[in-house]
Amino acid sequence: MPARPPIVAGNWKMNLDRAQGRALAATAVARRHEAASTELVLCPPAVYLDTVGAALAGSDIGLGAQNAHDKPSGAFTGEVASAMLVDVGCRYVILGHSERRTLCGETDAVVNQKTKAALAAGLVPIVCVGETLEEREAGRTTDVVATQVRGSLAGLSPEHIEKLVVAYEPVWAIGTGKVATPAQAQEVHALIRRILGELATPAVANRVRIQYGGSVKPDNVADLAAQPDIDGALVGGASLKADDFLAIAKAFARA
Ligand code: 13P
């Protein structure tokens, strides 16, 4: 089993104000040693990236955005380019989150363009995939996730695939308190790694981190972290509380 450094990212979504964001980041910096071997990323709303980035300065906690446009500049009112995110200190960007796929109509083709743009700008994309409850109950999980991974990562070189992070977030587990069982999550993570092996090479796939997301909490993370293909978590609600976020990060930390 190759060494994959665990990575835990907090997706704050559209939550917290500036002072709260600054305070949460400062607490994460002060307590970073509690999960020293886990790569940590904070993804605040875009308007607070600068503030949170300043609070993270001098620490090794990464700054991430929740979205980026696929064009480098131009007449795209309300959008933010990957290079701008780099400019304010981002190293990561979440792309294709199910909320954006559902609420903003982002297709695999759109996510693919955004992923290419983010990589070209030097960002680490955290590319999200995951099935709905209806799709799972219809026995279509494998099909849906495989299609999303292939579509979102189409045309990427093995070198680029190696750089990115994939987040498996079953839609039915997001914000619902219904976490996937460790076995359900492991099965899909293994599937994603197989597909990454086809898109790149099995050796490259073995080095790609695959996060689980969807109602990850301190009290359910241990069994998820014990799965061989779960390399970290993309955390929503629990990332808004320093205690919970750090406890989750610690569960992935190497002894
Ligand atoms: P919750 O942890 O709140 O379920 O959200 C998961 C998520 O969507 C992270 O991107």
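The values are calculated or read from the model by the stated rules, or taken from the named source; none is laboratory data. The structure presented is a predicted model; accordingly, all values stated were derived computationally and were not measured. Here Cβ is always computed from backbone atoms with ideal geometry, including for glycine, and neighbour counts include all displayed protein chains.
Beta carbons closer than 6 Å, at least 6 apart along the sequence or on distinct chains, pair a first residue in segment 17-32 that is hydroxyl-bearing (S, T, Y) with a second that is crowded, with 16+ Cβ neighbours inside 10 Å for T27/A242. Working only within segment 195-238, note down all residues that are of a type in the set (D, E), out of contact with any strand residue (DSSP E or B) (no Cβ under 7 Å at 6 or more places or on another chain) and farther than 16 Å from Q184 by Cβ. Residues satisfying the conditions are E198, D219.
Do we find a residue being assigned to a strand (DSSP E or B), in contact with a Phe, Trp or Tyr (Cβ under 8 Å, 6 or more places away or on another chain) and modelled with pLDDT of 95 or more anywhere in segment 27-42?
First, the residues of segment 27-42 that are assigned to a strand (DSSP E or B): 39-42.
When the remaining residues are screened for being in contact with a Phe, Trp or Tyr (Cβ under 8 Å, 6 or more places away or on another chain), the result is 41-42.
This time we only want the ones that are modelled with pLDDT of 95 or more, so: 41-42.
Within segment 27-42 (the criterion being assigned to a strand (DSSP E or B), in contact with a Phe, Trp or Tyr (Cβ under 8 Å, 6 or more places away or on another chain) and modelled with pLDDT of 95 or more), the answer is yes, since at least one residue qualifies.
As a summary of the residue check, K13 satisfies the conditions (1) assigned to a strand (DSSP E or B); (2) touching a His at 6+ places or on another chain (Cβ under 9 Å) except for the one numbered (1).
Checking each residue of segment 63-85 against the condition of being under 15 Å from F245 (Cα atoms) and in a loop (DSSP other than H, G, I, E, B) gives no match.
For the residues E131, E99, E106, the requirement of being in contact (Cβ under 8 Å) with a residue 40 or more places away in the chain and assigned to a loop (DSSP other than H, G, I, E, B) singles out E131.
Conditions tested, residue by residue: (1) within 21 Å of P170 (Cβ to Cβ); (2) more than 16 Å from the ligand (Cβ to nearest atom).
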{"position": "P5", "(1), (2)": "no, yes"}
{"position": "V8", "(1), (2)": "yes, no"}
{"position": "L40", "(1), (2)": "no, no"}
{"position": "C43", "(1), (2)": "yes, no"}
{"position": "V47", "(1), (2)": "no, yes"}
{"position": "G58", "(1), (2)": "no, yes"}
{"position": "V80", "(1), (2)": "no, yes"}
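Mind listing whichever residues of segment 113-128 are in a helix (DSSP H, G or I) and over 15 Å from the mean Cα position of the chain (by Cα)? The answer is Q113, K116, A117, A120.
Residue-level analysis places F252 outside the set of residues that are touching a helix residue (DSSP H, G or I) at 6+ places or on another chain (Cβ under 6 Å), surrounded by 23 or more Cβ atoms within 10 Å (Cβ to Cβ) and closer than 16 Å to N11 by Cα.
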